Structure formats: structure tokens, C-alpha cells
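One structure below.
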Amino acid sequence: MLVTFLLTSGAFIYLLGLKTPDAVGTVKLFRAMQLIKTRYVEEVPADQLMTGAIKGMVNSLGDPHSIYMDANMYKEFMIQTEGSFGGVGIVIGVKDKVLTVIAPVEGTPGEKAGIKSGDQIIKIDGQETKNMALDEAVGKIRGPEGTPVVLTILRAGSEEKDYQLTRSNIQIKTVTGKMMENQVGYIRISMFNENTGNDFIRKYQELEQAGMKALILDLRDNPGGLLEESVKVSGKLVPKGPIVSVITRDGKRDVHSSTLEKVPYPAVVLVNGGSASASEIVAGAVQDTASGTLVGTKTFGKGSVQTLLRLDMKTAIKLTIAKYYTPSDRSINGTGIMPDVVVEMPAVQPGQPVGQDVQLDKAIEIINTKL
């Protein structure tokens, strides 16, 4: 009976007056599913077909940041947002249609092995990543603690190299800090999870109580995270006014603002190609309001906003719903933010120790002129 209905779908649509492309497409979708279930050479579970249809719809958007999350991915995403996850500790994205490391997470197997932002992941356990969906790649890299995974990395100016990694339970401490010479505070934010804003404010206040006179904020290799947390951090760095504007496709503008009466300390913000998303919100707000000096190299360029839309208790779609704009109404999506002072890090040859941090040295030099 269902097959008959599907084969006469044109008449069915006509009788109901459902002549819109959406209605025709819906009938085509269910017809395809029924034909596969009844005619394919092997039996296929209905839930497998439905999952494939959902993934296909999301992938058809051509947006690497919009993904379908199955039960495992959804669970791991929620764990990561809360501050811990199982894997090797690298944040990946798609850049120029190639699976690319946005940033390694400090203190994790990926960072310890020497994987760097900008590295291209050519293979995962010997399987080529060309045309591999981002969610599939993430699922293959992540896994239970203690299990192995091999990433084949291509780095600019180098040949392909296999990195043999052992997955661990990644506990993410996103905020660290210390007092440097001349009462210059230094705070490093590795990513923005749900604890970052409060942890930053706590560290900021500790440095204040210790007599801080200026601040260096290090956002290098920070892949981003929760927009709300970047707003909390920016609220201690930029004066009263817009921090970031989020604009949806219908033109609705949601402005997140600072209530800070006056910026209390001179600031320098360190950024590089691994600084993305939420970290670019902070960097853009500081630059546009002239609240500090950006030092380093051009940021990643992710100026879109995603939200998590649950399909049921175990699965969801992470969907791009808006673009964000800096206080001067700049969109940095695909272009990134160019620092006020560009400082390239010298290349480190394999087997050689990491050299001097010339970007941090420049930040210290600049901040000392403002004391």
C-alpha cells in the first residue's frame, strides 16, 4: 500500500494541493527510502537510512561547521563543553577543503607529540581523509582512553609524517596565569568552555590583588568555544559598548555589550593562526575599541555562530545560525584578524628544542612602553 502511494505521489500531491517544492521533496525522500528498503539487495535498517538522510542534508549545506551528531559525538561534545573529553587533544576544522588542525590543546598527547596549528591531517589510521566529513574524522580521532590512533600529518615545507598517539582522558584547564616582571600580569586561555569566563575573572582578580599594572592575554592556538564565555572575558578588557553583534539570516541583531566604565590596565593580546571563533571575538573587540594591542600573526577566520539543536535524547545537529561582527561591524569570517604588530615565530626544525618566544618578547616590549 505504501509503495502504491509513493508511486502515485504526483497524484497524491495534486489531490492535497501540496504543490510546493518542499512537499514534492518530502515525498521524494520517503519514496527513496521505501525503494531502498524493498528493492536493495540486502536488508537495511530504517534507522540507518534515516541517519544517512539527515547527514546528507547537513552535508549538503557545504558548511564544515554544521554537522550531524550521532550518539557518540553528541555525548563527547557535551563532555568537551563541560571541560573534559576522550581523545588526543587537538581541535580540527576544514580549511580550503582540507582537514586541518586548528590548535592542539595544551598538555595533551597531540600537543606533546608536536602537532601544530595549520598541520593537515592526510590520513587517520591509514584511511585517507580526502572527502571525509568533519564529524566522521572527529569520530575516528576520538575514542576510549588508552587506545591508539595514528595521524598522518602534512606540514608546510615538510614531508608526510605518521604520529602515533595514545588517547587519554583530556582534562581541560582553560585558564592559567602568573605575574611577570614590572608587575605585568600574564593570562593564557587555551579554549572557551563553560568555566572559562569565571576562571578568567578569578585569575584576573588574583593578579589585581598582587599589584598588576598591565596585562598580556595569550590567545594563541585557542580554537574558541562558547560565545557567552568570550563575552565575559571581553567585559574585563573593553569599555562600555558593543563587544560583538550576532546577526541571523532574517537580519535580527543581538548585541552583547560591556558595562566596564574604563579600561583599567594597558593590554596586549597575543594571537596566531590557531586563534579562532570565540578568541577572535575577544581579539576583535580589543582591536576595534583600541583597548589594547594585538601581536602575532593573522587569526583563523571563523566568524560564524553555531547552536546545538537536539533531535532526540542522544542525537543533535550543530547548525550555523548566524554570523558575528566586531564592534566596528567587521565580519572576519574567512579572512581573520590581522594583528596591529605582526611577529612571525621562527621555524623549528625536527629534533631541535623550541626557540625563544619572540611574540611574547614583543608583547613584553610593547607593554613596558605603556607602564
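Any read-out appearing in this document is the output of simple, stated calculations on the displayed coordinates, not a laboratory observation. Since we're looking at a predicted model, the values are computed, not measured. All Cβ positions, glycine included, derive from the backbone under ideal geometry; neighbour counts span all protein chains shown.
Observations, loosely collected:
- Cα gyration tensor, region 144-267 - rounded (a/c under 1.5), prolate or oblate: oblate
- Calculated FRET efficiency, THR176 to ASP63, Cβ-Cβ distance, R0 = 25 Å: about 0.15 to the nearest 0.05.
- Relative pair counts by distance (%), Cα atoms of region 226-370, 5 Å bins: 2, 10, 17, 19, 17, 13, 9, 6, 4, 2, 0, 0
- Here VAL44 and MET338 are evaluated by their C-beta separation; at R0 = 41 Å the FRET efficiency comes out at 0.20.
- Residue among ALA276, ALA267, ALA210 with the largest mean-square fluctuation in a Gaussian network model of the chain, springs linking Cα atoms under 10 Å: ALA210
- Beta bridges by DSSP in region 220-315, antiparallel share as percent, to the nearest 5: 60 percent
- Between ASN131 and ALA71, full extension at 0.36 nm per residue minus the direct alpha carbon distance yields a gain of 19.4 nm.
- For MET69, neighbours were defined as the other residues whose beta-carbon sits under 14 Å from its Cβ, and their charges (Lys and Arg +1, Asp and Glu -1) total +1.
- The GluC sites (Glu not before Pro) of region 64-160 that meet both conditions, a loop assignment by DSSP and at most 14 other Cβ atoms within 10 Å of the site Cβ, are GLU145, GLU159, GLU160.
- With K and R counted +1 and D and E -1, the other residues having a Cβ less than 15 Å from that of ASP254 yield a net charge of +1.
- Relative to the Cα centre, the charge distribution of the chain, modelled as +1 at Lys and Arg Cβ and -1 at Asp and Glu Cβ, gives a dipole magnitude of about 720 debye.
- The chain: angle of helix 46-59 to the longest principal axis, Cα-based, in degrees nearest 10: 50 degrees
- Over 32 Å between alpha carbons, listed pairs LYS112/LYS370; LYS203/LYS240; LYS123/LYS252; LYS232/LYS370: LYS112/LYS370; LYS123/LYS252
- Residues whose amide H falls under 5 Å from that of LEU99, counting only those 5 or more places apart or on a different chain, are ILE121, with hydrogens built in the peptide plane.
- Ranking of ARG39, ARG202 by count of other Cβ atoms within 10 Å, fewest first: ARG39, ARG202
- Rg/Rh ratio calculated on Cα atoms of the chain (Kirkwood radius): 1.04
- When the charge dipole of the chain is built from unit charges on Cβ atoms (+1 for Lys and Arg, -1 for Asp and Glu) and taken about the Cα centre, the candidate among ALA71, VAL244, MET57 whose Cα reaches farthest toward its positive end is MET57.
- Cα gyration tensor shape for region 242-327, rounded if a/c is under 1.5, else prolate or oblate: prolate
- Considering only LEU319, VAL175, GLY197, the residue lying farthest towards the positive end of the dipole of the chain is LEU319, judged by Cα position with unit charges set on Cβ.
- Helical content of the chain, expressed as a calculated mean residue ellipticity at 222 nm, amounts to -9000 deg cm²/dmol (DSSP H runs of 4 or more residues, -39,500 (n - 2.57) each, divided by residue number, nearest 500).
- Highest GNM mean-square fluctuation among GLY143, GLY334, GLY296, for the chain modelled with Cα contacts below 10 Å: GLY334.
- Beta bridges by DSSP in the chain, antiparallel share as percent, to the nearest 5: 75 percent
- Net dipole in debye of region 84-171 [+1 Lys, Arg Cβ; -1 Asp, Glu Cβ; about Cα centre; nearest 20]: 80 debye
- Summing charges over neighbours of ASN272, with a neighbour being any other residue whose Cβ is under 11 Å away from its Cβ, gives 0 when K and R count +1 and D and E count -1.
- GNM top mover of VAL233, VAL27, VAL244 - the chain, alpha-carbon springs below 10 Å: VAL27
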